[in-house]
Amino acid sequence: MDILFPGRFSILTKIHEGIIRNILNRYAREGKLYIGLRLIVDENWTNYDNPFTFYERKEMFNIIFGKEIACRKICVVPLKYGLNIRKDMKKFCGKIIPIYTREKIWAWGGKFLGVPTIYEKRDGFSATDIKEKIYEILKNQDKLPDYINEIDIEILNFMNDKERICTMKDFANHPNEDRGKFGLKKWLKTLMEGKPQT
């Protein structure tokens, strides 16, 4: 069957890779796996809650899953969260398909919105922990090390671009403790007030 796996995927880690290969083998063997990259953007397509743009994250998936993407076993699509999920599914997946998640809120949200959900409990180290580890490294230096156990070497090389390092350092040094919601409050405020997003 076809399945949607949504998430921020701020940095594509070996944890993500393992989960995705598990989904392919267990649930999407006869279908397609859609990777839904979360977007919270302004009119200039600036992503507020992620150091990497949709296109940069899509490139990370091409680096690791190029073969599966080329044969259309995996398809990377942009997604807005919340009430847009059914609309986005119809637009990018062609129909309503099950969501795979390791987040309880997605399981509840899927049920509320009438979208079938496959929920598996999250265990152990998370991709967010790895992202925070990278932010801690970048607080003290201007380059990532040549090796980080939880990240593929090709992804590490991709991130070590000077401009991308600067963006990640901005996130690492942002005073908001929940950098995963970087700029989200501003975005929601402008949305609620009906003002153009700047």
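Please arrange PHE112, PHE61 by counting, for each residue, the other beta carbons lying within 10 Å of its beta carbon, fewest first.
PHE112, PHE61
Measuring from a point 7 Å past the Cα of ASN149 along Cα-to-C-beta, which residues in region 1-27 have an amide N at less than 14 Å?
Only 14-15 fall inside the zone, counting backbone N under 14 Å.
If we count other beta carbons within 10 Å of each Cβ, what is the order of TYR147, TYR135, fewest first?
TYR147, TYR135
On full extension of the chain, what length is gained from GLU30 through GLU120, given 0.36 nm per residue of separation minus the C-alpha to C-alpha distance?
30.4 nm is the gain from fully extending GLU30 to GLU120.
How would ARG72, ARG102, ARG29 line up from fewest to most surrounding beta-carbon atoms within 10 angstrom?
Ranking ARG72, ARG102, ARG29 by Cβ neighbours within 10 Å, fewest first, gives ARG72, ARG29, ARG102.
For region 1-158, what class follows from the C-alpha gyration tensor (a ≥ b ≥ c being the square roots of its eigenvalues): rounded when a/c is under 1.5, otherwise prolate if a/b is larger than b/c, else oblate?
In terms of gyration-tensor shape, prolate.
Assign one of three labels to region 1-43, namely rounded, prolate or oblate, based on the Cα gyration tensor with a ≥ b ≥ c the square roots of its eigenvalues; rounded applies when a/c is under 1.5, prolate when it is not and a/b is larger than b/c, and oblate otherwise.
Oblate.
Cross-link list LYS58/LYS162; LYS32/LYS162; LYS14/LYS162; LYS14/LYS67; LYS121/LYS143; LYS58/LYS111: which exceed 25 angstrom alpha carbon to alpha carbon?
In this structure, LYS32/LYS162; LYS121/LYS143; LYS58/LYS111 exceed 25 Å between Cα atoms.
Hey, quick one: spin label on ARG86, modelled 7 Å out along Cα-Cβ, who in region 100-131 has an amide N within reach, i.e. under 19 Å?
100, 106-118
No value in this document is a laboratory result; all are computed from the given coordinates. Please read all numbers here as calculations on a predicted model, not as lab measurements. Note: ideal-geometry Cβ built from the backbone for every residue, glycine included; neighbour counts use all protein chains shown.
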